[in-house]
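Reading through the C-alpha cells given below for one structure.
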Amino acid sequence: MVFRLTQDRSDTNDYPKSYYHASKNRDLKLSPLDGSCRADVCIIGGGYTGLSCALHLAKRGYQVVLLEARKIGWGASGRNGGQLGSGQRKNQFELEKKLGMDDAQRLWNLAQDAKALARELIRDYKIECDLKSGVAHPDHKPAYASNTRNYVGHLQRIYQYEQIEYLERDQMAALVGSDNYYGGSIDYGAGHLHPLNYALGMAAAAIQQGATLYEDTVVESYQEGKPNRAVTNCGTVVADAIVIACNGYLGRLDKRLPGKIMPINNFIIATEPLSDERVNEINPKDVAIADSRFVVNYFRLSADKRLLFGGGENYGRIFPQDIESFVRKPMLEIYPQLADIPIEYAWGGTLAVTLNRMPHFGRLGKFNTYFAQGYSGHGVALATLGGKLIADAIAGEAENFDLFGKIPTHPFPGGSWLRWPALVLGMSYYALRDRM
C-alpha cells in the first residue's frame, strides 16, 4: 500500500505516513503543556535546532522547556533526505570571495564541527539511526565536472580535507549505477542516517539531561520582557530567554523573521525493499547521493534496502495530489531499470531557504530572544550545531553564533507577502536551466 501525503494538514498532529514514520524505533509519548510553568529558557520548535539547544542547555544545568506544536521531528527534521553533509550550503570559493579567507576558514571548521557533533551525540547517547559514511555529488553537465575537479583540489590543498575525491565519469557511473553523470566527487567524511530516529534520539537525550519537552502545544504568541512569556493553547511558559526554532513552519509567530526565509516543499518516495542484485547495481557502496541540479535529486538506500529518492519542489501550502508520480519521473530518468519496482511510500515536507543559502542566526529585541533558521536543505548537521551555538550564546559564549549572525541575510523581494511570485519565476528559470 502506498501512503500518499497530499498536503501538510494543519488539522492533525500525527506524523505523516512516511517510510521514516513506519520505521521509527521509539515512541516518546510526550504530553501537552497543562497550565503555566517557569523556566530559564523556553524553546519553540521540536526539530534539530530546538532539540540540540534543549540538550546542550540542560547539560549546562539550565531549566529548559521545549514546546512542539505537533510531534517531535514532525517537520523537516523527521522527513528529510538524511544526508549529513560537509561544508556550508555555499561552497568555499563563494565564501572566500564574499567573506574573506579567515571567516571562510572558520565557517568550514564549524561545518566540520557540526558533523563531528552529530556523530558524537549518536555515539554518546546510543542513538540508533543507521548512520553510514559517504555522500557522492555527481555532476549532470560536463562543465560542472570540471569545476568539481578544481574544487576538490582546493579543499585538499587549502583546507587539508583528504576525505573527498574527484571521480571520473566511469568511476561515478560505477558508484551510483547510472550513466547520466559526467563525473563528480565522493565525500567519505560526510554521511547519511535515518532522520526521524535521529531526532527522537536527540529528544530522549535532552530528557535524560533534564529538559522538559511538550508535544501538541501550539505557541500562539510570545511577549518579550523581563521575563518573556510564551502563550500557548494549553497554558503559558514564563522564561528568561526564548529560542525560536521553527524554520519552515514559522508561520506568523514573529513578523520580523518570515521575510528572510522562503518555505519550499520537497518530496521523497520509497520503493519496496530491493534484491541484493539490484542494490549492487545501483549503489554498491551504500553511499548517499545528491546531484548538481538546482532542484537537487538526492537518493540513498534505507537500512532495509529500499531506494529513498527525493526530487521535485513546489511552492505553496498544497502538495501535489500524486507525489508518487511527481517524484517517480526524475527517479526513472536516473534509474530506468527500476520501472518495474513498486513504490510503497510517498511524502513531502517543508524546509526554509534564505536568499544567500546560508543559515540565518541572530537575536531579536532587547530581552534574550534567539533564533536560527534557513538551513536551505543542509540542516541535518548545521541545525544540530545551530542549537548548540544558541545554547553557548545563552551561556555567554557567543563568538561562533555571532559569526553566522554577521553574514548579511537580505529579505526576499516583496517581503513576507509578495515573495512567492518572484520565487516561482526564479526557481522555474533555474529548473529550466537544469534541463538544457
All positions within the stretch 346-383 that are touching a strand residue (DSSP E or B) at 6+ places or on another chain (Cβ under 7 Å) and basic (Lys, Arg): Arg363
Number of the condition not met by Ser221 [criteria: (1) free of Cβ contacts under 8 Å to residues at least 24 places away in the same chain; (2) more than 20 Å from Tyr62 (Cβ to Cβ)]: (1)
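Taking the condition in a helix (DSSP H, G or I) and aromatic (Phe, Trp, Tyr), does Phe326 pass?
Numbers: in a helix (DSSP H, G or I): yes; aromatic (Phe, Trp, Tyr): yes.
Criteria met by Phe326.
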Residue in the stretch 215-236 that is surrounded by the fewest Cβ atoms within 10 Å (Cβ to Cβ), counting only those that are over 14 Å from Ile43 (Cβ atoms) and among the hydroxyl-bearing types (Ser, Thr, Tyr): Ser221
Residue match in the stretch 49-56 (condition: over 30 Å from Asn150 (Cα atoms), in contact with a Ser or Thr (Cβ under 9 Å, 6 or more places away or on another chain), outside any strand (DSSP E or B) and among the hydroxyl-bearing types (Ser, Thr, Tyr)): yes
The stretch 255-274: number of residues that are farther than 30 Å from Phe299 by Cβ and in a loop (DSSP other than H, G, I, E, B): 3
Enumeration of residues in the stretch 64-117 that are acidic (Asp, Glu) and farther than 23 Å from Leu351 by Cβ: Glu96, Asp102, Asp103
Tally of residues being farther than 15 Å from Val279 by Cα, among the charged types (D, E, K, R) and over 24 Å from the mean Cα position of the chain (by Cα) across the stretch 323-349: 1
Output for the stretch 237-254, where each listed residue is closer than 19 Å to Asp34 by Cα and either in contact with an Asp or Glu (Cβ under 7 Å, 6 or more places away or on another chain) or surrounded by fewer than 19 Cβ atoms within 10 Å (Cβ to Cβ) (or both): Val238, Ala239
Of the criteria (1) more than 21 Å from the chain's Cα centre (by Cα); (2) within 30 Å of Asn297 (Cβ to Cβ); (3) modelled with pLDDT of 95 or more, which one Leu33 fails: (2)
Flag for Asp276 being at pLDDT 95 or above, closer than 30 Å to Ala391 by Cα and of a type in the set (Asp, Glu): no
Qualifying position, being closer than 30 Å to Glu333 by Cβ and in contact with a Pro (Cβ under 7 Å, 6 or more places away or on another chain), among Tyr214, Tyr182: Tyr182
Where a residue in the stretch 33-57 is surrounded by fewer than 24 Cβ atoms within 10 Å (Cβ to Cβ) and its partner, wherever it lies, is assigned to a helix (DSSP H, G or I), with Cβ under 8 Å and at least six apart: Asp40/Leu57
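Would you mention how many residues in the stretch 377-419 are in contact with a Ser or Thr (Cβ under 7 Å, 6 or more places away or on another chain) and at pLDDT 95 or above?
Let us first name the residues in the stretch 377-419 that are in contact with a Ser or Thr (Cβ under 7 Å, 6 or more places away or on another chain), namely 383-384, 386-388, 409.
Of the ones still in play, those that are also at pLDDT 95 or above are 383-384, 386-388.
The total comes to 5.
Going by what's in this entry, would Arg252 be described as assigned to a loop (DSSP other than H, G, I, E, B) and either at positive phi or charged (D, E, K, R) (or both)?
yes
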Selected residue (criterion: nearest to Gly310 (Cα to Cα)) from residues of the stretch 237-290 that are touching a strand residue (DSSP E or B) at 6+ places or on another chain (Cβ under 9 Å) and of a type in the set (Ser, Thr, Tyr): Thr271
Test set (1) modelled with pLDDT under 95; (2) within 22 Å of Ala203 (Cβ to Cβ) - Ala422 fails condition number: (2)
Count of residues meeting criterion [acidic (Asp, Glu) and in contact (Cβ under 8 Å) with a residue 60 or more places away in the chain] in the stretch 272-300: 4
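The values are calculated or read from the model by the stated rules, or taken from the named source; none is laboratory data. Here the structure is a predicted model, which is why all the values come from computation and not from measurement. FYI the Cβ positions are ideal-geometry reconstructions off the backbone, even for glycines, and counts take in every protein chain you see.
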